[in-house]
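Below is one structure, written out as structure tokens; comments come after it.
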Amino acid sequence: PYYIIRFAKLSAHHDSGMKGIDNEIANQIIQILKPHGNIYITSERALGPQFEPYRMHIDPIDMHHVMAFADIYIGDSQTMAAEAAVLGTPSLRFNDFVGKLGYLNELEDKYGLTYGIKTSEPEKLFKKINEFLKTSNLKQEWQLRREKLLSEKIDVTAFMVWFIENYPNSVQVMKENPEYQWNFK
């Protein structure tokens, strides 16, 4: 088993005033996970020396493959939390964006593929990690949830190919019949 921890930089304009996983929280996460498997950290920000042994050394192009086979993803990155969830990897995000992004709310509330925990509730994060670790067949459960998600969504690539190949008629089709999108499941 292995676990991925992600540290976002949280320095973009829209990140102003937002917090995520600090070094103290990261140390506690590592102590919880360490007896259960390997830990790999991917980070946008500089890592302290205590975290260097966990640094993931892979080509970024391989990240989704590695994430798909991880047992748990924990991070303060919205994007990677969603990507892990859609790949069927149990996903926890710990930051101040919790509850503010519709696509993550849907992944959490409707499909149970990710959980958002506010930085004011670190004990809730540790409790959820332990809950995940104690759940037998966790990955299999997430794969079932993933399948439910995918069964309720369209194939966006197929839709876009159709839309572009049939442009400008496709614009009129979609205006007259928005339900036409469901032909691309």
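The values are calculated or read from the model by the stated rules, or taken from the named source; none is laboratory data. Only a predicted model underlies this, so the values are computations on that prediction, with no experimental measurement involved. Cβ atoms come from the backbone with ideal geometry, glycine included; neighbour counts cover every protein chain shown. Accessible surface is based on the protein model in full, side chains and every heavy atom, while ligands, DNA and RNA are left aside. Shrake-Rupley method; radii C 1.70, N 1.55, O 1.52, S 1.80 Å.
Within the chain, what whole-number % of the accessible surface is contributed by carbon and sulfur, with the 1.4 Å probe and all protein chains included in the calculation?
Summing carbon and sulfur atoms, their accessible area is 53 percent of the total for the chain.
Could you work out the Rg to Rh ratio of segment 46-129, with Rh taken as the Kirkwood radius (inverse of the mean 1/r over all Cα pairs)?
When Rh is taken as the Kirkwood radius, the ratio is 0.98.
Note down the accessible area of I61, probe 1.4 Å, to the nearest 10 Å².
About 140 Å², rounded to the nearest 10.
Taking the alpha-carbon distance from K110 and a cut-off under 15 Å, which aspartates and glutamates remain once sequence neighbours fewer than 8 residues away in the same chain are dropped?
E141, E147, E152
Tell me, what is the per residue accessible area of the chain in Å², probe radius 1.4 Å?
I get 56 Å² per residue for this part.
Let me check something: with ligands and nucleic acids excluded, how do D62, D71, D109 order by accessible area (1.4 Å probe), largest to smallest?
Descending order: D109, D62, D71.
Probe 1.4 Å, all protein chains in place: accessible area of E176 in Å², nearest 10?
140 Å²
Specify the angular offset, from 0 to 90 degrees and rounded to the nearest 10, of the alpha carbon long axis of helix 122-134 from the longest principal axis of the alpha carbons in the chain.
Tilt of helix 122-134: around 80 degrees.
Students often get this wrong, so check it: of K9/K118; K34/K127; K118/K153, which have C-alpha atoms separated by over 19 Å?
The answer is K118/K153.
Between M63, L87, Y40, whose Cα lies farthest towards the positive end of the dipole of the chain when Lys and Arg beta carbons carry +1 and Asp and Glu beta carbons carry -1, centred on the Cα centre?
Highest projection toward the positive end goes to Y40.
What do you reckon, how do K134, K118 stack up by accessible area (1.4 Å probe), largest on top?
Sorted descending by solvent-accessible area, the residues read K134, K118.
Helix 23-33: angle to the longest alpha-carbon principal axis of the chain, degrees 0 to 90, nearest 10?
Its long axis makes an angle of about 90 degrees.
Taking the chain as the reference, fit the longest principal axis to its C-alpha atoms, fit the long axis of helix 156-165 to the helix C-alpha atoms, and give the angle between the two in degrees, 0 to 90, nearest 10.
40 degrees
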